[in-house]
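Trainee: After the structure tokens below, expect a handful of questions from me.
The values are calculated or read from the model by the stated rules, or taken from the named source; none is laboratory data. Note that the coordinates shown come from a computational prediction; the quantities given were computed from them, not determined experimentally. When we count neighbours, we look across all protein chains shown, and the Cβ atoms used for this are built from the backbone with ideal geometry, even at glycine.
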Amino acid sequence: MRRRLIVHPAYQFRFMLSFVMGILFIVGVLGGMGVYGIRELARENLLSPDQQALLLKKSEDLIFLVLAAGAVLISLFSFISLYLSFRVVGPLYRVEIWLERILEGFTPKPVKVRKRDELHSLVELLNRIFQKLHREE
């Protein structure tokens, strides 16, 4: 079987976008809370001016670190989400093509899925139903 990672672009990119937006939200909230907490601590009169300046500088370093970690996580989770969507969309795409062939009047071979694909039980059930209906004709 050919291996195309992008089988149904619209669905797969929406799936990937939901992962990326989730990562952005998590990194934004956690990073923002960390930076806000450090900056608020620096504004308190509990520290000397030198310590406050150092803490503010460290909060700027934290912003850079959060942005860098966010970029790495977005890249990583974009690929992971694309791969996971491929494992679901691939079998659905093959079933869709198979059903179209049936509608066109052809008698296609049973649908095959890769070992690591999802939806094995659904594809197996569709194959059994088709075989049973085909035998009854």
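Trainee: Within the range 73-80, can one find any residue that is of a type in the set (Gly, Ala, Ser) and closer than 30 Å to Val27 by Cβ?
Mentor: yes
Trainee: Residue check, Gly90 against (1) free of Cβ contacts under 8 Å to residues at least 60 places away in the same chain; (2) surrounded by 13 or more Cβ atoms within 10 Å (Cβ to Cβ); (3) farther than 30 Å from Leu41 by Cα, all met but one. Which one?
Mentor: For Gly90, the failing item is (1).
Trainee: Being more than 30 Å from His8 (Cα to Cα), assigned to a helix (DSSP H, G or I), free of Cβ contacts under 8 Å to residues at least 24 places away in the same chain and not hydrophobic (A, V, I, L, M, F, W, C) is the filter here; which residues of the range 39-81 pass it?
Mentor: Arg39, Glu40, Arg43, Pro49, Asp50, Gln51, Gln52, Lys57, Lys58, Glu60, Asp61 - these are the residues of the range 39-81 that are more than 30 Å from His8 (Cα to Cα), assigned to a helix (DSSP H, G or I), free of Cβ contacts under 8 Å to residues at least 24 places away in the same chain and not hydrophobic (A, V, I, L, M, F, W, C).
Trainee: Would it be correct to say that Ile26 is touching a helix residue (DSSP H, G or I) at 6+ places or on another chain (Cβ under 9 Å), modelled with pLDDT of 90 or more, part of a helix (DSSP H, G or I) and more than 30 Å from Ser121 (Cβ to Cβ)?
Mentor: Here the answer is yes, as Ile26 does meet what is asked.
Trainee: Further question on the same structure: Just for the range 102-121: of the residues that are of a type in the set (A, V, I, L, M) and closer than 11 Å to Gly90 by Cα, which one is farthest from the chain's Cα centre (by Cα)?
Mentor: Val113
Trainee: Among the residues of the range 1-60, what is the count of those that are among the hydroxyl-bearing types (Ser, Thr, Tyr), over 21 Å from Val72 (Cα atoms), over 18 Å from the mean Cα position of the chain (by Cα) and surrounded by 11 or more Cβ atoms within 10 Å (Cβ to Cβ)?
Mentor: Within the range 1-60, residues that are among the hydroxyl-bearing types (Ser, Thr, Tyr), over 21 Å from Val72 (Cα atoms), over 18 Å from the mean Cα position of the chain (by Cα) and surrounded by 11 or more Cβ atoms within 10 Å (Cβ to Cβ) number 1.
Trainee: Quick test of your reading of the structure: Leu99 fulfils all but one of (1) surrounded by 14 or more Cβ atoms within 10 Å (Cβ to Cβ); (2) within 27 Å of the chain's Cα centre (by Cα); (3) within 25 Å of Glu124 (Cα to Cα); (4) of a type in the set (A, V, I, L, M, F, W, C). Name the failing condition by number.
Mentor: (2)
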